[in-house]
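Chemist: This is the structure, below, for whatever I ask next.
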Amino acid sequence: MSGFFAVLGHPVAHSLSPRIHQAFAKDVGIGIDYRAIDVAPEQLPATLGALAADGIRGANITLPLKEAAKVACATVSDRARIAHAVNTLTATEHGWHGDNTDGVGLVRDLTERHRLDLRGRRCLLLGAGGAARGVAPALLDAGIDRLIVVNRDPKRADALVDALADPARVGSRYWKDLGSLGEFDLVINATSAARDGQKLDLPFRLAAPRFAAVDLNYGDTAISFLAWARTANADLAIDGLGMLVEQAAEAFEIWHGKRPDTDGVYQALRAGDRSLHGDD
Ligand code: ATR
């Protein structure tokens with residue numbers, strides 16, 4: 001099939017997306033042209049225009065372009081609208097359609113790869129930036145019982161809670177009150193603290209017996225949160241590598257209409273873990 005695909009980011013050289021999409025293409029028996037393109041945020045509109053003229057059919061969007069990509073879209077999915085962020089662009093005759101597959105990627109990783117039943121879980125979401133906004137709607141769709149959003153800047157937590165529009169299940173709390181919020185069955189680190197070399201100081205009393213912990217980062221930037229989770233006796237403590245692979249599979253299916261097997265590439269990337277960079 002003609003046309004090409006790409007991941008756009010800044011920087012983008014470390015991105016695992018080309019490797020993941022090529023592995024998927026091999027798995028389903030098609031050939032794809034998939035490129036990595038470094039785009040400074042201020043260049044995104046012009047670059048998207050040029051890529052569309054050149055025949056690009058779809059693009060994965062990584063840091064720091066997810067919000068700017070949404071602005072460039074003619075249409076967006078509900079989940080991208082709530083996230084204020086787009087990670088998957090599809091070229092249409094009416095312009096770009098933007099979607100956000102991060103949340104469904106996380107839910108698939110938790111429920112299918114790690115066999116975690118999310119229904120009825122009391123969940124703590126740390127952070128209210130693009131990553132947190134991307135995963136929150138899918139967690140609610142997956143049937144969690146309660147979602148408490150805690151962010152350093154409380155206004156961003158409140159804005160996310162408002163956008164989710166589910167007051168019976170979703171609320172915000174202050175970061176300074178983390179020690180008195182009770183116990184959670186699922187704790188998700190959606191902050192970028194470790195990417196900036198900062199360590200979160202989290203109370204162990206957040207952890208319910210047999211709780212699960214997920215860092216949406218992977219590689220080195222997930223180490224300190226996962227160490228906290230293991231010390232708190234987490235039943236499951238995982239980084240965001242599985243989510244990365246699953247969100248890519250979702251984008252692949254949108255573009256090619258075929259669902260690839262994700263286990264092979266996940267295992268291969270996991271085996272090379274030490275070379276991974278934490279922000280695709
Ligand atoms: P991303 O796209 O990765 O979500 P982002 O939109 O810049 O990046 O959001 C970063 C998130 O990490 C925010 O929730 C941020 O909190 P603020 O909104 O208060 O800035 C959070 N964050 C970053 N450094 C942090 C730290 N040291 N402690 C707690 N939260 C932190």
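Chemist: Of all residues in region 173-210, count the ones that are at pLDDT 95 or above, more than 12 Å from the ligand (Cβ to nearest atom) and not β-branched (Val, Ile, Thr).
Modeler: The number of residues fulfilling the criteria is 17.
Chemist: Consider Arg259 carefully, then state whether it is charged (D, E, K, R) and in a helix (DSSP H, G or I). Break it down stepwise before answering.
Modeler: Numbers: charged (D, E, K, R): yes; in a helix (DSSP H, G or I): no.
So Arg259 does not fit the description; no.
Chemist: Among (1) assigned to a helix (DSSP H, G or I); (2) away from the ligand (no atom under 13 Å from the Cβ), there is one condition Arg115 misses while meeting the rest; what is its number?
Modeler: (1)
Chemist: May I pose another question? From the list Val214, Val245, which one is out of contact with any His (no Cβ under 7 Å at 6 or more places or on another chain), closer than 19 Å to Glu112 by Cα and away from the ligand (no atom under 16 Å from the Cβ)? Before you say what the answer is, go through the steps one by one.
Modeler: Numbers: Val214 fails: away from the ligand (no atom under 16 Å from the Cβ).
Answer to the selection: Val245.
Chemist: Still on this structure, I have one more. Residues in region 101-132 that are of a type outside the set (Ser, Thr, Tyr) and within 22 Å of Phe252 (Cα to Cα): how many? Explain how you work it out, then say what you get.
Modeler: Within region 101-132, the subset of a type outside the set (Ser, Thr, Tyr) is 102-110, 112-132.
Keeping just the survivors that are within 22 Å of Phe252 (Cα to Cα) gives 102-110, 112-114, 130-131.
Count: 14.
Chemist: Pick from region 120-144 the residues that are in a helix (DSSP H, G or I) and farther than 15 Å from Gly171 by Cα: which of them is farthest from the ligand (Cβ to nearest atom)?
Modeler: Here the residue is Asp141.
The values are calculated or read from the model by the stated rules, or taken from the named source; none is laboratory data. Not measured: the values here are computed from a predicted model. Neighbour counts are summed over all protein chains in view; Cβ atoms, including those assigned to glycine, are modelled from backbone coordinates with ideal geometry.
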